[in-house]
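**Student:** Can you keep this structure in mind? I'll have questions shortly.
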Amino acid sequence: MSFPVVHFVYGGQRAAAAGMGRPYTVVYDGVCKVCNRLVKLLRKWDTRGMLEIIPFQNTTVLDRFPWIPAEEYARAMQLVGPGGRTWQGAAAIEQLLEVLPRGELLGWVFRVPFMGALIDRFYRWFARNRYRFGCGEHCASRPLKVDFGDG
């Protein structure tokens with residue numbers, strides 16, 4: 001899934017959609033314990049410094065990426081690339097595997113017929129149920145105004 005690109009202009013100069021001079025920004029659920037563990041692995045894997053990784057609870061996220069509806073941050077991980085191109089969920093994972101060193105060792109799975117659709121379906125299921133995996137009582141609360149379709 002892609003969203004329209006919005007460019008910010010400040011002081012007459014166009015600002016990059018991604019921050020910190022890095023070409024990609026990963027926006028994840030900073031409340032989810034499983035997501036935080038996966039982000040730690042992602043930070044280690046990003047040996048080239050291609051990624052800025054921030055939780056969607058960061059107060060700048062909505063201002064920086066206004067083309068992404070707020071509820072989408074709670075539904076799936078977002079990856080914002082050069083020019084503001086945006087991927088979410090399994091598509092974001094597929095793109096990350098293209099960007100990260102040796103990601104192609106796992107990325108081939110997305111090219112197997114029907115596997116991309118299965119991975120996407122699994123991702124959506126996992127995202128809806130992520131607060132049930134590896135979390136304590138603090139994960140029982142969910143972001144407001146989000147219908148995960150499981151209750």
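Read-outs throughout are calculated quantities, based only on the coordinates presented, and are distinct from any laboratory measurement. Model, not experiment: these values are computed from the prediction. Here Cβ is always computed from backbone atoms with ideal geometry, including for glycine, and neighbour counts include all displayed protein chains.
**Student:** What is the fewest-to-most order of VAL99, VAL61, VAL112 by other Cβ atoms lying within 10 Å of their Cβ?
**Tutor:** So the residues, fewest neighbours to most, are VAL112, VAL99, VAL61.
**Student:** Still on this structure: Could you tell me which trypsin sites (Lys or Arg not before Pro) in the range 49-104 are loop residues by DSSP with no more than 11 other beta carbons within 10 angstrom of their beta carbon?
**Tutor:** ARG102
**Student:** Please sort 114-125, 29-40 by packing, taking for each peptide the average over its residues of neighbouring beta carbons within 10 angstrom, highest first.
**Tutor:** 29-40, 114-125
**Student:** Work out how far the C-alpha atoms of the range 15-139 reach from end to end along every principal axis, then list the three figures in whole Å, largest first.
**Tutor:** Dimensions of the range 15-139 along the principal axes of its Cα atoms: 38, 37, 27 Å.
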